[in-house]
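A quick write-up on the structure given underneath.
The values are calculated or read from the model by the stated rules, or taken from the named source; none is laboratory data. In this text, all values refer to a predicted model and were calculated from it rather than measured experimentally. Glycine also receives a Cβ, built like all others from the backbone with ideal geometry; neighbour counts cover every protein chain displayed. To get the accessible areas, we keep the full protein, side chains included, count just its heavy atoms, and leave off ligands, DNA and RNA. Shrake-Rupley method; radii C 1.70, N 1.55, O 1.52, S 1.80 Å.
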Amino acid sequence: MGTKTVDETGAERGTEAKTDEEKVDVVKASDATDATGSDEVEENDDIEAEDEVTAQATEASPSAVGQGAAAVVSAALGLVSLTGGWIGTVAAARETLIGQLQTASNADVATQIKEVYGDAWQTSALWAGVFALAALIVGVVVLARPAFGAPGKPQAPWIKSVAWGGVALGVIGLLLAVLKYTDALLGLPSAG
């Protein structure tokens, strides 16, 4: 035995029901679907859920992107401190040129070595130290940032890892720069 209902478009819907209770349930369900427009409600729920996810991603993205970029910058600065950068190379070449211009041709060998090569070596070490210190500071700021941010938003593990790498490279670069600058590491040869 079946019941037929007519929806808003005038189309008949046929349903099979075996008992009177099932007939009433089928008619109520059919009427509820027609009255609420459940397809539209589901689409609206999907759109609202997508909008909410997009809003949450937009809110979280700028902070995470900034922290990730700063962590990468920290690691890059640490690498530059170890391998040398363009600025350090140019500064060392400039010091070499100044040393050659200011050193008299009749100066003793020790003075020539110090003026031509020693000052350039220390300038190179100084610039390596500047890059190492910058890497160290940026890495520490990235690691300390969650303490001053919104509570409950953990920092991504890759950001922590890269920032720790930048801090480690900064510490190593700073140590090597100090050792180079003080001639404890690869000091100038003696003239006599």
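Can you find even one residue in the range 165-174 that is farther than 13 Å from Ser74 by Cα and in contact with a helix residue (DSSP H, G or I) (Cβ under 6 Å, 6 or more places away or on another chain)? Yes - at least one qualifying residue is present in the range 165-174. The set of residues in the range 119-156 that are assigned to a loop (DSSP other than H, G, I, E, B) and exposed (fewer than 15 other Cβ atoms within 10 Å of the Cβ) comprises Gly149, Ala150, Pro151, Gly152, Lys153, Pro154, Ala156.
Restricting to the range 157-191, and then to whatever is of a type in the set (Ser, Thr, Tyr) and assigned to a helix (DSSP H, G or I), can you tell me which residue is most open to solvent (accessible area, probe 1.4 Å)? Applying the filter and picking the extreme gives Tyr181.
Any residue that is in a loop (DSSP other than H, G, I, E, B) and under 25 Å from Gln67 (Cβ atoms) - is there at least one of those in the range 87-105? No, the range 87-105 contains no residue that is in a loop (DSSP other than H, G, I, E, B) and under 25 Å from Gln67 (Cβ atoms).
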